[in-house]
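Only one structure is covered here, and it is reproduced in the block below.
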Amino acid sequence: MTNNVFTFLVGGKAGEGVKKAGSVAAHIFSKLGRHIFQMDDYMSLIRGGHNFSVVSTSTRWISSHYMKANLVVNFDKRSYDLHFNDLSNKNGISIYNSDEQEKGEGIGVPFTSEAKKYPMKTLMYGVGAVAILSSAIGFKKDEMNEVIKSEYPSGIKDNISFADLIYDIVNSQLGRKYKLEKGDIIRPILTGNESLSLGAIAGGLDVFYGYPMTPASSILHYLAKLAPDFGLAVVHPENELAVINMGIGSAFTGARAMVGTSGGGFALMTEGISLAGMSETPILIILSMRPGPATGVPTYTEQGDLNFALNAGHGEFLRIVASPSTVEESYYLAAELLDLVWKFQTPGILLTDKHLSESSMTVNINTSKTKWSESNNYDGEDYKRYLDTDDGISPMIFPPSNQLIKWNSYEHDEIGFTTENPKMISKMHDKRHKKVKALENYLKNMKTVNVFGNDGPEIFTYGSTTMSVLEALKYGNITAKVIQPIYLKPFPIWELEKESKKSCIVVEMSKAGQFADLLKEKAEIKTKSLINKYDGRPFDPIDLSQQIKEVI
Amino acid sequence: MRLNETTIGIENTWCPGCGNFSILNSIKKAIPKLEEKGIKRENIVISAGIGCHAKIFDYLMLNGLYSLHGRDIATVQGMKIANPDLKVITFSGDGNAMGEGIAHTIFAAKRNQDMTLILHNNSVYALTTGQYSPLAEKGWNGPSTPQGSVEDPLNPILLMIVTGATFVARCFAGEIHHLTDVIVEAVQHKGFSFVEVLQPAVPYHSWKEYREKVEFLQKEPDSYEEALKIAREKHKFTLGVFYRADKPVYHEALYGNHNPVVNRISREDRIRKIENIFHIG
């Protein structure tokens, strides 16, 4: 077990329970008190194709999956061929479907002919993978059956009978091959999207709007499921134009509103983001990136929308852009941004990507450490929605109210009436611009940059790629100082003065090196070596550690 | 400023004789009538799109959000979903509601969103110098169609009945009592109410053109099929309520009697429930 990490990979067609088998494996490991990282790779289709789920586990914090697996279970020949090189050359064991291929490396299991005997047929393959894992890590049958009962509640009898059969087939060769040490505590498992959803709820979320688009859809699904229990309104309207404008309408009533999308949907929202800037509407937008441009590669990952997030929307207005690095940070940052957009009455963007949105990790979240979104409420007379104040932040009143509340997309006066007066136009520009300084001053008292390590060469990265870098350093036993700006706009240059004029290593998932450009433009940080990946797949820590070693 | 103040000192920039003045006056007359029926002025919130019609936003002492072109229909739905105690009204031009924002209009009707859409139908893009609109007559000679538009206009009344609106009416800016009464009924109606108002934009159409053609429905259709038939057959100058129905409204179907803003769950309860998810999950 390289690096004290055990990795389980399961591959097959969509509809064979591949992802579920990965999740069950993750739960088995977490129940042992271990940390996990699960990455699901799937194609943009419903049935067929090739999917795989890879779960890496360790007794220490682990921030990436490994593409060299100890135990690989493939349900079909295609998966076997694709993952042949993903087998760890130290102690890797491959399980293949002996009904699909006569010969193979490892242990053959007649998945097809055995599953045919049950009404659920190929749907049972995942159960078989869990049985194989159970045998390999030395679970007794009753331990395995407990897991099957709780994780596969429909058709329990058949599932257990199938699992027993598969267990018996492999156990003589595979049984107790891997001894997994127990960890310290049992931690919950969350995806990045689940985590940011819960964080937003903890921060005061009232309404969520979303139009399905991978990899942001699971925010919509998760919040829709939680809505009744948390008293939320969760709505899937006709398009992203409706999404952002309904969000803005809700914010007008005082509701903490959030929307979620990926690049294409975000493009449709830009008109509304500009409206939020002008009308000073607090709204939190989750932008989960996938490879673009255009439709791109829907179910894979990239960090190609950084510049778009920083600049989307016509006209000049204040925005906040921040990107979490881990599942845990997604929780806190969602609440923090919900608070900030209300404090500064402007749109905020939480920038994430498929890799962080949809990968799962064991987490240790302090639920009450989150910010609770507060607004600058007014209870006096002579209310003016856009009162010009020292910091540019105007007081808020929400309907129903007998005092006039006018929010406006046109340039407007302090009350909110439309204006074309040149003095008023520049005055209101100045008023809104004051918030830029106010926000920067506010952020100076907050944690805006994460730094990991003190010595060694400086490596700049952001978002989910931070996790890949940290795991690569652990794997390669490399000493380095990893600097991850959480906030990207305003860019926390006050935290990066020491690095100014230096030449650093930059790691990001963008062909053009958008993050490297941002470092140069904002903080005069030069890029000595850009390590970038843009094939839709996240970095593998083994490859990345090699790339880092080459440039140090 | 308070909602009951009458002089607001805002310059009205509609053309003299514009049909929009009648809509403004009707709304002002409708508000006290609605108050008599128990709908408080402070519970009314408005939006508007962009165009001549939308200037009404500045002329009404009502709370609201001046939205973007066509998006006003989404804006008010967001208001209603967050706080269903509010009565939401949007003023929308034919370019707004039947052009740029038609998807929002159709879906608001489809989900029977509890809101009122007042369609200022002047059948032209007036503020942008007279281009043909989704409701302009075929052959309209505007700067974007110098040889005359080649498209037939939409039939908004038919479209709204078909897509699920539960109160559908047509009024005329020159029949201000009828217009006021219909607005009062539309705002009171629980569900998606749609009031098309024929409204001359005087640089492009004369009042005379309208007065010669308008007629009232003999009687209100009493079934869905009859409403469809009348909406299809009657020319675009027929006034009256074409259709009304009782159907569950969107926000109640979504979350019953809940109110996401007024009945927010406390921070402590949220944290406790999240802890439970972590514990079970």
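Read-outs: derived from the displayed coordinates by stated rules, not from any lab. Note that this is a predicted model, so its numbers are computed, not measured. When we count neighbours, we look across all protein chains shown, and the Cβ atoms used for this are built from the backbone with ideal geometry, even at glycine.
Annotations
- Net charge dipole size for chain B [Lys, Arg +1 and Asp, Glu -1 on Cβ; Debye, nearest 20]: 480 debye
- For B:PHE242, the residues whose amide H sits under 5 Å from its own are B:VAL168, B:ALA169, B:ARG170, ignoring neighbours fewer than 5 places away on the same chain, with H placed 1.01 Å from N.
- Exposure proxy ranking for A:HIS236, B:HIS235, based on other Cβ atoms within 10 angstrom of each Cβ and starting from the fewest, stands as B:HIS235, A:HIS236.
- Helix A:217-230 and the long axis of chain A differ in direction by around 80°, with both axes built from C-alpha atoms.
- Taking the DSSP bridge list for the stretch A:449-551 and keeping only pairs wholly inside it, about 25 percent are antiparallel.
- Distance violations [Cα-Cα > 22 Å] among A:LYS371/A:LYS489; B:LYS29/B:LYS213; B:LYS55/B:LYS87; A:LYS225/B:LYS190; B:LYS28/B:LYS110; A:LYS384/A:LYS489: B:LYS29/B:LYS213; A:LYS225/B:LYS190; B:LYS28/B:LYS110; A:LYS384/A:LYS489
- HN-Hα J in Hz across the stretch B:35-51 - Karplus 6.51, -1.76, 1.60, θ = phi - 60°, x for Gly and Pro: 4, 4, 8, x, 8, 6, 4, 6, 8, 8, 10, 10, 9, 8, x, 10, x
- When A:ILE132, A:ILE425 are arranged by Cβ crowding within 10 Å, least crowded first, meaning fewest neighbours, the order is A:ILE425, A:ILE132.
- The long axis of helix B:267-280 is offset from the longest Cα principal axis of chain B by roughly 70 degrees.
- Length-normalised contact order of chain A in % [C-alpha pairs under 8 Å, at least 6 apart]: 12 percent
- Chain B: relative contact order in percent, alpha carbon pairs under 8 Å with at least 6 residues between: 18 percent
- Exposure proxy ranking, count of Cβ atoms within 10 Å, fewest first, for A:MET120, A:MET258: A:MET120, A:MET258
- On Cα atoms only, tilt of B:72-82 relative to the major axis of chain B in degrees: 20 degrees
- Anchor A:LYS549: aspartates and glutamates whose Cα lies under 19 Å away (excluding residues fewer than 8 positions away in-chain): A:ASP455, A:GLU458, A:GLU471, A:GLU508, A:ASP540
- Secondary-structure-derived ellipticity at 222 nm for the protein assembly as shown, considering helices only, amounts to -11000 deg cm²/dmol, per-run term -39500 (n - 2.57) for DSSP H runs with n ≥ 4.
- Separation of alpha-carbon centers, the stretch B:224-281 and the stretch B:1-70, rounded to whole Å: 25 Å
- Note: relative contact order over the stretch A:190-369, using C-alpha pairs below 8 Å and six or more positions apart, is 30 percent.
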